[in-house]
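The values are calculated or read from the model by the stated rules, or taken from the named source; none is laboratory data. Please read these numbers as outputs of a predicted model, since none were measured by experiment. Glycine gets a Cβ as well: all are built from the backbone with ideal geometry, and neighbour counts include every protein chain shown.
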Amino acid sequence: MDAPEKAQPNGQRSKQSMSALVFGKEVNVQWNKRDRYRRIVGKVMVAPSDCPTCPKTLDAGLAQITMGLAWWYEKYAMDQSAEDAGEEVAARPMSVLE
């Protein structure tokens, strides 16, 4: 997934949404590689906000994509497949929708 920078259109909204999903919460990061800048490439899993004591089953990046606040790129499909993202997410235009 990729999200707009804070100064780009909807960047602040995307940041606020991600913060609401994960800030101050315990997360699990599922990863097995780094990108060319040595950043971890993986999934950030968190408990759903309506059930903070539940298992960490919510993929925060996928939630951002589903809400239209981040992009999913077919080019990087090996990192998050269309099956993980859902066909409707994979078919979206590459723009922040909201």
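Quick notes on this structure:
- Selection within region 39-63 - surrounded by 12 or more Cβ atoms within 10 Å (Cβ to Cβ) and among the basic types (Lys, Arg): 43, 56
- Test: residue in region 26-42 that is part of a helix (DSSP H, G or I), farther than 23 Å from residue 74 by Cβ, without any contact (Cβ under 8 Å) to a residue 24 or more places away in the chain and basic (Lys, Arg): no
- Selection status of residue 60, out of contact with any strand residue (DSSP E or B) (no Cβ under 9 Å at 6 or more places or on another chain) and either at pLDDT 90 or above or not β-branched (Val, Ile, Thr) (or both): no
- Against the criterion of being of a type in the set (D, E, K, R), under 14 Å from the mean Cα position of the chain (by Cα) and at pLDDT 90 or above, residue 43 qualifies.
- Cross-chain or 6+ apart pairs with Cβ under 6 Å, region 1-15 first and assigned to a helix (DSSP H, G or I) and at pLDDT 90 or above, then among the acidic types (Asp, Glu) and surrounded by 15 or more Cβ atoms within 10 Å (Cβ to Cβ): none
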